[in-house]
Every structure is written in C-alpha cells, then in structure tokens.
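Have a look at the structure below, then the notes.
The values are calculated or read from the model by the stated rules, or taken from the named source; none is laboratory data. The shown structure was predicted, so the numbers you read here are calculated from the model rather than taken from an experiment. A quick note on method: Cβ atoms are made from the backbone with ideal geometry, for glycine too, and the neighbour counts reach across all protein chains shown.
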C-alpha cells in the first residue's frame, strides 16, 4: 500500500484535473504527515516542477507548509530557466545543422516539453537528444566540434572507425555546460537496428518560438521511451516522470502510472537487461568490427579510464586486469 505522500504524488502527477480529481487531491493532502518527504519524492522522480505547478492550479498551496512550498516553487523556477536555456542552445545547433542541410529529430525532453507539456517548463531535462540519419550523424558530430563543441573522450582509439555502430549514441558533445547527444538509431544494433531514415521521413513538424522542428510520430516515440525507461529502471529503479511521458503520448488516462512504482519497485528491474543489450551490440557487429570493439572495450584509453574512475595513472594500470571480467561476463 502506498504511503499518503506516495498516493498524493500518484494522483497529482497529471496535466489536467476534473472536479472529482481536485476534490480527491484535497482529501489525500489532509492525510499527509511529512510534506518534506512528499517534496523529496517529487524531486527524486523528476517531477518537482510539474507538482509545484499543479499545487497552485488545484489550490493545495494553503495546505502545504511554507518551507515546502518554497522548495517546490524553486524547483519549478529552476526548470523553467533551464528549459529556456536549453531551448536557446538548441537553436544554435538547429542553425548549424540546417545551414549544412542536415535534418534532425528531437527526442525525449525537448520534444515532449514543446508538445504534450505545453512549453511551460514542466518537463524537467538536463540535456538535448536528437536523431540524425546514419549518413549525416558523424558528419554532424564533427561539424558541431568545428563550432566549439567538445566531445567526451572516446572510450578507445580502436572505436573511432566503428563509432557509428556502437553505443546508444555518439560520444556526448558539450559546449559551455550544454550537453547534446546524437543518436543514429532508436533501438537495436547491426541488422536489427531501427531505420532512422524511415523515422525521419515520418517525423512531425512542430514550432518552437516560431522555428520549425521535428519530432517522432507518437507510436515511434512511445516505443523508444519505453525502451529508455527499461534501461533507467534497471540502473536506478522506476522514475515517475518517464511513465508520465509514455502515458501522455498514449493518451491512456494515466493508466501507465501504476502504484507498483512505489509499492514494488524491484518488479521493474531486469537483472539480465544490461547483459542482453551488451550481447546484442557485440553480435550485431561484423567479425572484424566485433574484435575491434571488444579490444577497445576491455582495454580503454588511459584518458577515458582516468575520467571514468577519477584516479591517477597508477590507478588506471591497476584496473586494467579487472576489466577482463567483462569478456567473461559476455561469454557466460
């Protein structure tokens, strides 16, 4: 059984309310014993901005302690400011790519913020994700570096020639604190990889501050977000924000938001998921690329190792033998 704080969070995690829903929220709010726990849960699940907005919209603010109201409102303002900043930074990326004749499709946060969330700062995000065709992806990645973006270290020099075939996305690009991830597919590897050309041909145009942008069709985006959510569930447990994203696109009346997110979070974890994805990635490569990938993955560059483990060169050398476990993990 969810706690009173969890019950209220599940009920207020939506974008519209009827009279019955609003009345129910007030009854649930009367049962809250720890408002700080409620705010912390909202923050943990990436929806503190939405909750702050809904608390005002449903006239619950007078039932909440002042210090908690301030915490919620601070979360909303931070999200509005960050989303505005991310949108402005995206405009630079859009200009560079458009001038070069490279089409891209917005994914996840930016696509959702400017559609189902209504451009109000309610969909919290930390970076931008875009999809580009395989033919243009690496070209775009290199072009942005010519315009001041810096790439995170490639795991190994051996990976540079197969960079378009491995990983969930190309190495993250960063400029003045702004992070951009370029995806060349939304799922699968090798022959099983999704076809970005087909996705981009069917992308839907939207307007962001008068600028044309493109987003995936709902069915494609839902499938991608579901896979993305499974990954996060395996790493850190279920996140309410991701379930809300899917529910809004499905228009399922919030049925995707299940109390088990709180009462049985372990049910969402898939212990074998990371190994499954890793094996799919390896087996999706040709034999030559597979050997190159494994050699680089087991013995990354010292620069990457130092950044990954936050250690000295001596610490890097000590850790190399331990990385052989990955090959054993893959095979057995």
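Values as computed for the structure displayed
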quantity	calculated
Within the stretch 229-240, considering residues that are buried (at least 20 other Cβ atoms within 10 Å of the Cβ) and in a helix (DSSP H, G or I), the one modelled with the lowest pLDDT	233
For residue 2: the one exception among (1) in contact with a helix residue (DSSP H, G or I) (Cβ under 6 Å, 6 or more places away or on another chain); (2) assigned to a helix (DSSP H, G or I); (3) under 24 Å from residue 252 (Cβ atoms)	(2)
Search result, residues across the stretch 246-265 that are more than 21 Å from residue 125 (Cα to Cα) and either part of a helix (DSSP H, G or I) or free of Cβ contacts under 8 Å to residues at least 40 places away in the same chain (or both)	251, 252, 253, 255, 258, 260, 262, 263, 264, 265
Of the criteria (1) touching a helix residue (DSSP H, G or I) at 6+ places or on another chain (Cβ under 6 Å); (2) under 24 Å from residue 83 (Cβ atoms), which one residue 153 fails	(2)
Members of the stretch 255-277 that are touching a helix residue (DSSP H, G or I) at 6+ places or on another chain (Cβ under 7 Å) and either over 21 Å from residue 42 (Cα atoms) or at pLDDT 95 or above (or both)	270, 273, 274, 275
Of all residues in the stretch 33-46 being surrounded by fewer than 20 Cβ atoms within 10 Å (Cβ to Cβ) and either at pLDDT 95 or above or in contact with a helix residue (DSSP H, G or I) (Cβ under 6 Å, 6 or more places away or on another chain) (or both), the one that is farthest from residue 125 (Cα to Cα)	34
Hits in the stretch 271-290 - residues which are more than 18 Å from residue 156 (Cβ to Cβ), under 20 Å from the mean Cα position of the chain (by Cα) and surrounded by 14 or more Cβ atoms within 10 Å (Cβ to Cβ)	273, 277
Those residues of the stretch 9-20 which are over 13 Å from residue 257 (Cβ atoms) and touching a helix residue (DSSP H, G or I) at 6+ places or on another chain (Cβ under 8 Å), in sequence order	17
Those residues of the stretch 266-290 which are within 17 Å of residue 236 (Cα to Cα) and outside any helix (DSSP H, G or I), in sequence order	269, 270, 271, 272
Test set (1) in contact with a helix residue (DSSP H, G or I) (Cβ under 8 Å, 6 or more places away or on another chain); (2) at positive phi - residue 148 fails condition number	(1)
Residue 49 vs. criteria touching a helix residue (DSSP H, G or I) at 6+ places or on another chain (Cβ under 7 Å), part of a helix (DSSP H, G or I) and either at positive phi or touching a residue at least 60 places away in the same chain (Cβ under 8 Å) (or both)	yes
When residues of the stretch 302-325 are limited to those that are free of Cβ contacts under 8 Å to residues at least 40 places away in the same chain, surrounded by 10 or more Cβ atoms within 10 Å (Cβ to Cβ) and under 26 Å from the mean Cα position of the chain (by Cα), the one farthest from residue 152 (Cα to Cα)	309
Residues located in the stretch 152-198, provided they are assigned to a helix (DSSP H, G or I), more than 19 Å from the chain's Cα centre (by Cα) and over 30 Å from residue 306 (Cβ atoms)	190, 191, 192, 197, 198
Selection count, the stretch 98-123, where residues are in a loop (DSSP other than H, G, I, E, B) and under 21 Å from residue 43 (Cβ atoms)	5
From the options 293, 243, residue that is in a helix (DSSP H, G or I), free of Cβ contacts under 8 Å to residues at least 24 places away in the same chain and surrounded by 14 or more Cβ atoms within 10 Å (Cβ to Cβ)	243
Residue within the stretch 68-88 that is outside any helix (DSSP H, G or I) and in contact with a strand residue (DSSP E or B) (Cβ under 8 Å, 6 or more places away or on another chain) present	no
